[in-house]
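Contents: one structure, followed by commentary.
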Amino acid sequence: MATAPKEAENAISLEETHMERKESPKGQKTFTVEEAVEIIGFGRFHIMLFLIMGSTGVVEAMEIMLIAVVSPLIRCEWQLQDWQVALVTTMVFFGYMVFSIVLGLLADRYGRWKILLLSFLWAAYFSLLTSFAPSYTWFVFLRAMVGGGVSGHAQGLIIKTEFLPTKYRGYMLPLSQVFWLAGSLLIIGLASVVNPSIGWRWLIRIASIPGILLILVFKFIPESARYNVSMGNVGAAMATLQRIAKMNGAVMPEGVLREPTKERRGRFKDLFHPKYLRTTLQIWIIWLGIAFAYYGVILASAELLERDLVCGSAASPVHSSANDSEESLSPCHCHLFGPTAYHTMIISTVGEIALNPLNILGINLLGRRLSLCITMGCTALFFLLLNICTSSAGVVGFLFMLRALVSANFNTIYIYTAEVYPTTMRALGMGTSGSLCRVGAMVAPFISQVLISASFVGALCLFSSVCVVCAISAVTLPIETRGRALQ
């Protein structure tokens, strides 16, 4: 734990260096991007930034959650087994995992804005192609490519982080969860109308429209000034800062923008530098565990509600043969979603913002590490509470709280990861973390849909144990980033 004081000393030294070099030997004042961002403050530009870059969460949520609402339809159309349906989700996250690292490296070398635009074009193109998939194999491949494109959407969060003043990051970044919620609710609402009428192929085409529209407004968001100055492009960084100051009605700092150019950019081995080794490894554990729990909750919710795993329901319910449709008795096991299923999905999804106010307070008052430890510990507890005999309403209540907690976990770790790494490796740090995150997402279906059938208690205990490990990793992270200037 001696690393934390050392980091504090480094941060203090960094600030002292900035103060000392405001006066150059020739008497000319200088300032850094960090100082300019803090002096300009929060204003109209940041509101526009929040709306546009936050909307990337709408598109990402729609593309990721799309599989959940089309799975029953493709199962029937191609007569798929359970493992084949689960493989679709796994391959989406496999594409996300692979491309996340690649796009993170490219973003640190060629810029956040370019990679964000490329990722949106890529995801929209392959998403549209998916709607024309002639077979299950093509569908899996094309959705994996969509997952690869969606992985680049994380650059929107990085751009927001690098433009926000320190005291606003802990408030504005968690609010981005509202956009994910909006995207999830939008795709569920569309599915309830489009799937029964014109089919899943048209649902995918309609779902691609928001991503295409968002591309058109990217021109209003500039490249990160921190990235430009770290590449030696001081002129572009200065122009961006002046534009922000004008939009916010603020004044620029006096003097000339000066910051040393970083020659080494986005090297994978930098993540394992002694200064960041422990932080990197613990962050990876946390990302993997949070994704495992998050997608485990989503998939387990469907299993719990479908199997009615509540107290006193050990016996299979007796259904009237008159109510058994041909689809439910067909060899391909078609169980299409009805209005009740869509309503349940909406209720559980709304739970993702239930704890947002408390999460924001915890992040800013308790710090990133302790706040994450508490929410991860509560997540572990609620997984165990699902073992309690209760009514269907009780199960839905537990699932509602789990969705709220796992969402809070994601909020906190996103902020922490974006703050803990310096500009030259921030996108790579986010990319590799996102990659490990998808490993957890790839494993979750086999626990929630396979192990839970063999051992209900065993599956829940496994999810709970992983959350406990993540809670311990969170509270022992060597660096606290609350109130810490971006490096």
Quiz item: For the range 47-63, list residues with backbone N below 18 Å from a point placed 7 Å from the Cα of Lys219 toward its Cβ?
Solution: 49, 52-53
Quiz prompt | Mean Cβ neighbour count within 10 Å, used as a protection proxy, ranking 101-109, 190-198, 276-284 highest first | solution = 101-109, 276-284, 190-198
Practice problem: Scan around Leu257 for amide H atoms under 5 Å from its own, H built in the peptide plane at 1.01 Å from N, and keep only partners 5 or more places away or cross-chain. | Solution: Phe31
Quiz item: Which order, highest average first, do 235-243, 434-442 follow once you tally other Cβ atoms within 10 Å for each residue and take the mean per peptide?
Solution: 434-442, 235-243
Exercise. Using a 1.4 angstrom probe, figure out how much accessible area the range 149-209 has per residue, in square angstrom, rounded to the nearest whole.
Key: 30
Quiz item: Considering only protein heavy atoms and a 1.4 Å probe, what is the carbon-and-sulfur percentage of the accessible area of the range 29-260?
Solution: 70
Quiz item: Relative contact order (percent) for the range 29-260, with alpha-carbon contacts under 8 angstrom and 6 or more residues of separation?
Solution: 39
Quiz item: Rounded, prolate or oblate: which one fits the range 115-194, using the alpha carbon gyration tensor with axes a ≥ b ≥ c (rounded when a/c is under 1.5, else prolate when a/b beats b/c, else oblate)?
Solution: oblate
Quiz item: Between Glu77 and Lys275, what length comes free when the chain is fully extended (0.36 nm per residue of separation minus the Cα-Cα distance, one decimal in nm)?
Solution: 66.0 nm
Practice problem: Mind listing the long-range amide H neighbours of Ala133? Cut-off is under 5 Å, sequence gap 5 or more, other chains count too, H placed in the peptide plane at 1.01 Å from N. | Solution: none
Quiz item: Do the alpha carbons of any pairs in Lys29/Lys275; Lys219/Lys246; Lys29/Lys246; Lys160/Lys269; Lys246/Lys275 sit beyond 28 Å of each other, and which pairs?
Solution: Lys29/Lys275; Lys246/Lys275
Exercise. Let me know the shape class of the range 29-260, please: from the alpha-carbon gyration tensor, a ≥ b ≥ c as square roots of the eigenvalues, rounded when a/c is under 1.5, otherwise prolate if a/b is greater than b/c, or oblate.
Key: prolate
Quiz item: Considering amide H positions built from the backbone, and no H for Pro or chain starts, which residues 5 or more places from Leu366, or on another chain, come under 5 Å of its amide H?
Solution: none
Quiz item: Let a ≥ b ≥ c be the square roots of the eigenvalues of the Cα gyration tensor of the range 35-121; is it rounded (a/c under 1.5), or, if not, prolate (a/b larger than b/c) or oblate?
Solution: prolate
Quiz item: Could you give the length gained on full extension between Phe132 and Ile388, defined as 0.36 nm per residue of separation minus the Cα-Cα distance, in nm?
Solution: 87.6 nm
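The values are calculated or read from the model by the stated rules, or taken from the named source; none is laboratory data. Quantities reported herein were computed from a predicted structural model and do not represent experimental measurements. Here the Cβ is made from the backbone with ideal geometry for all residues, glycine too, and neighbour counts use every protein chain on show. Please note that ligands, DNA and RNA were not included when accessible areas were found on the heavy atoms of the full protein model with its side chains. Shrake-Rupley method; radii C 1.70, N 1.55, O 1.52, S 1.80 Å.
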